[in-house]
Structure formats: C-alpha cells, structure tokens
Amino acid sequence: MSMTLRRMAMTAVFAAVFLGTVAMAVEEPVFKVVLHEGDFDVRDYPALVVAEVTVSGDQKQAANRGFRLLAGYIFGGNRTRQSIAMTAPVAQAPASQTIAMTAPVTQTQSAGQWVVRFTMPSRYSLEALPEPNDPQVKLRLIPPSRLAVLRFSGLAGADTVEAKTADLKKRLSAHQLQATGPATLAQYNPPWTPWFMRRNEVMIPVAP
C-alpha cells in the first residue's frame with residue numbers, strides 16, 4: 001500500500017472512530033429495562049417532551065423533510081431571543097436560543113403520513129421550550145410508556161425496517177405482549193455516520 005493510500009485509510013478509520021465517539025456523547029432518554037434477550041428489550045420510559053412534525057412521502061423522503069424542519073427549530077428557528085452585550089465598540093444584537101441535539105430521531109407511519117420526532121433535552125419542561133417559528137413543528141408531552149424494542153445496525157432502508165418490524169411482532173407474540181400502537185423507527189446517528197457504525201431500533205408500545 002502506498003503512503004498516500006495508507007494515510008487515507010488511517011484518516012477514514014480516525015473519522016469513523018471520532019464520529020462514533022461524538023454520537024455516543026449525545027444525550028439519550030433514560031429508561032428501565034424490564035426484559036433483555038440479546039437484541040430484544042422491553043423498556044419503561046418516563047414522560048418525555050418532544051418536538052415533532054407530520055410529513056408525507058416515502059420513508060426516506062419523510063425522514064429528510066422532517067429532520068430539516070426539526071433541525072431548523074432546535075438551531076434557532078424559535079421565538080425566544082436573548083441580547084448579547086459587546087464592548088470596544090459597544091454593540092447589541094439578538095441571538096436565537098439554540099437547543100441541544102438528542103438521540104434518537106424517531107419516525108412513525110400513520111394514515112399515509114409520517115410523524116418525525118426529536119426528544120428534547122431532559123432539562124427542558126414543555127413550558128420552558130421556546131415557541132417554534134414554523135407552525136408545522138409541534139411541542140408536546142408524551143406520557144410514560146412501555147416499549148418493546150429490537151436493535152439492529154447498518155442502514156435502515158424500508159425493506160430492512162419492514163423485516164425487523166415483523167421480527168419484533170413475533171417476539172411480542174412469543175412473550176404474550178399486547179401492542180398498543182404502531183411501530184416506530186428510531187435512529188441514533190447523524191447522517192454522515194458510516195453505515196457499519198449506525199445504531200437503529202424498531203419500537204412498539206405494549207401494555208404494562
């Protein structure tokens with residue numbers, strides 16, 4: 001291998017490790033594991049504050065459209081502003097409040113459309129969040145829930161998600177768990193994460 005190719009390979013490995021480390025540092029919702037069997041969990045989640053949008057299109061189109069709308073909100077597209085004082089010279093300028101990114105981003109299909117959702121950082125209550133500039137972005141409180149979860153890595157294409165959802169439903173039947181809602185796709189990594197490092201989950205709410 002030439003020196004140039006070796007450097008390129010080392011750079012790629014370093015970038016993959018770096019991106020993975022950054023992804024792991026992102027806040028995730030806390031939960032209690034009720035049942036754990038390999039790649040299958042049953043988890044109890046507390047009440048969560050979320051920002052969500054309802055969009056149309058296929059799975060990938062909806063995910064991209066929803067992500068852009070929600071990213072716009074957390075990166076300043078809201079109506080809470082603060083003044084920042086500067087000296088030499090003295091100046092004053094408004095700055096939109098920025099909300100930290102959290103994981104996962106979830107996506108649920110309903111009536112031909114998709115609900116794409118960001119969970120807000122735990123330090124925010126529903127009342128403390130700034131109002132979105134875009135009326136498509138809705139803020140709400142999700143009550144405590146029990147979720148059956150199947151973990152998988154790699155790309156979360158439509159065929160893969162369909163197969164994993166079918167597998168999860170079989171696990172529910174095997175454990176005599178009753179689904180109380182549709183399946184949700186949860187993705188934990190930013191879009192630039194290498195496919196082999198991506199962490200995904202299919203989630204189905206179940207009766208306690």
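The values are calculated or read from the model by the stated rules, or taken from the named source; none is laboratory data. What you are looking at is a predicted structure, and each value in this text was computed from that prediction instead of being measured. No Cβ is skipped: glycine too gets one built from the backbone with ideal geometry, and neighbour counts run over all protein chains shown. Protein only, heavy atoms only, side chains kept; ligands, DNA and RNA dropped before computing areas. Shrake-Rupley method; radii C 1.70, N 1.55, O 1.52, S 1.80 Å.
Some points to look at:
- Filtered residue count, the stretch 169-187, keeping only those that are of a type in the set (A, V, I, L, M) and closer than 25 Å to residue 54 by Cα: 4
- Condition met for residue 51 (closer than 12 Å to residue 115 by Cα and either out of contact with any Leu (no Cβ under 6 Å at 6 or more places or on another chain) or loosely packed, with under 14 Cβ neighbours inside 10 Å (or both)): no
- Boolean, residue 43 is under 20 Å from the mean Cα position of the chain (by Cα), at pLDDT 85 or above and part of a strand (DSSP E or B): yes
- Within the stretch 162-205, the set of residues being farther than 24 Å from residue 44 by Cβ, hydrophobic (A, V, I, L, M, F, W, C) and in contact (Cβ under 8 Å) with a residue 40 or more places away in the chain comprises 192, 195, 196, 197.
- A single entry from 137, 161, 149, 206 fulfils the requirement of being more than 17 Å from the chain's Cα centre (by Cα) and not hydroxyl-bearing (Ser, Thr, Tyr): 206.
- Among (1) in contact with a helix residue (DSSP H, G or I) (Cβ under 8 Å, 6 or more places away or on another chain); (2) surrounded by 15 or more Cβ atoms within 10 Å (Cβ to Cβ); (3) within 25 Å of residue 72 (Cα to Cα) - the single one residue 134 does not satisfy: (2)
- Scanning the stretch 108-131 for residues that are open to solvent by less than 50 Å² (accessible area, probe 1.4 Å), under 29 Å from residue 158 (Cα atoms) and not hydroxyl-bearing (Ser, Thr, Tyr) returns 114, 115, 116, 117, 118, 120, 121.
- Residue match in the stretch 161-178 (condition: touching a helix residue (DSSP H, G or I) at 6+ places or on another chain (Cβ under 6 Å) and at negative phi): no
- Any hit, the stretch 55-73, residues being within 22 Å of residue 189 (Cβ to Cβ), part of a strand (DSSP E or B), β-branched (Val, Ile, Thr) and modelled with pLDDT of 85 or more: yes
- Those strands (runs of 3 or more DSSP E) of the stretch 110-173 in which at least 2 residues are closer than 21 Å to residue 188 by Cβ, considering only elements entirely within it, cover 113-119, 145-153.
- Condition met for residue 173 (closer than 21 Å to residue 31 by Cβ, at pLDDT 95 or above and either under 14 Å from the mean Cα position of the chain (by Cα) or open to solvent by 50 Å² or more (accessible area, probe 1.4 Å) (or both)): no
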